[in-house]
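Worksheet: the structure to be examined is printed underneath.
Read the figures in this text as sums done on the coordinates, not as results from a lab. None of these values were measured; they are calculated from a predicted model. Please note: Cβ atoms are built from the backbone with ideal geometry, for glycine as well, and neighbour counts cover all protein chains shown.
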Amino acid sequence: MEAVLTEELDEEEQLVRRHRKEKKELQAKIQGMKNAVPKNDKKRRKQLTEDVAKLEKEMEQKHREELEQLKLTIKENKIDTVAVNISNLVLENQPPRISKAQKRR
């Protein structure tokens, strides 16, 4: 059961790391876009601001959905492991079988 918990943490940690990396890449892309537009061109600056807001919103939405999906998957895995553990407990609670040699004694 502990292996399952560490595996879930690893998956969540990997997802969070990937999200941080994507966020950093998006910031670099935004910086490049800002540098490409001249400061005196107000129309293109405004369009750039709208594009940046749109890109950031899309990325946030995507990250939120991925986290929710991971949490649902983790929850399903926990339910499955609990069911398996309960079935193991039921099997373990049965009295041990007495061998023929023990019966003879």
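Numerical summary
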{"read-out": "Estimated FRET transfer efficiency (residue 57, residue 80; beta-carbon r; R0 35 Å; 0.05)", "value": "0.50"}
{"read-out": "Net +/- balance of residues flanking residue 47 in space, Cβ distance below 13 Å, scoring K and R +1, D and E -1", "value": "+4"}
